[in-house]
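Student: Just dropping this structure here.
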Amino acid sequence: MGSDGVEDPAVREEQAILLRDVIGDPFAPVVFVSEWKTENVVGLAQGIYDDHAFDRVPVLADALDDAGCADPDILDHCRGSGHHARGCWVVDAVLGKE
């Protein structure tokens, strides 16, 4: 059993995925350029946040890409296969909830 009381490796992996979704990479912080926060990008992020529709985060990546964002950390995070949840660092950064 781990020090946190969790035995199941699958549960530990799910916890790690959720943690990465919320904090991103603390050793490589990302700065959001204000030009990326278009009306479309902010509207999508707000809808994702309000509706708890984190399955739409890949669509947010497309909107960010269209707005000129080429940051691989941002786009890869949004398009990755990991689970997204309230507190997703990309959604929060777009909405200024950092």
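Student: Of everything in segment 3-45, what is among the hydrophobic types (A, V, I, L, M, F, W, C) and modelled with pLDDT under 75? Give them in sequence order.
Tutor: Filtering segment 3-45 for residues among the hydrophobic types (A, V, I, L, M, F, W, C) gives 6, 10-11, 16-19, 22-23, 27-28, 30-33, 36, 41-42, 44-45.
Scanning segment 3-45 gives Val6, Ala16, Ile17, Leu18, Leu19, Val22, Ile23, Phe27, Ala28.
Student: Something else now. If you go through segment 44-98 one residue at a time, how many are touching a residue at least 40 places away in the same chain (Cβ under 8 Å), aromatic (Phe, Trp, Tyr) and over 16 Å from Val31 (Cβ atoms)?
Tutor: Total meeting the criteria: 1.
Student: Out of the residues in segment 62-88 that are crowded, with 18+ Cβ neighbours inside 10 Å and part of a loop (DSSP other than H, G, I, E, B), state the one that is modelled with the highest pLDDT. Walk me through it before giving the result.
Tutor: From segment 62-88, those crowded, with 18+ Cβ neighbours inside 10 Å are 63-64, 69, 74-75, 77-78, 84, 88; that's our starting set.
In the following step, the residues that additionally are part of a loop (DSSP other than H, G, I, E, B) were identified as 69, 84, 88.
Values: Cys69: 97, His84: 79, Cys88: 85.
Step by step, filter segment 62-88, then rank; the result is Cys69.
The values are calculated or read from the model by the stated rules, or taken from the named source; none is laboratory data. As the structure is a prediction and not an experimental result, all values here were calculated from the model. Neighbour counts run over all protein chains shown; Cβ positions are idealised from the backbone, glycine included.
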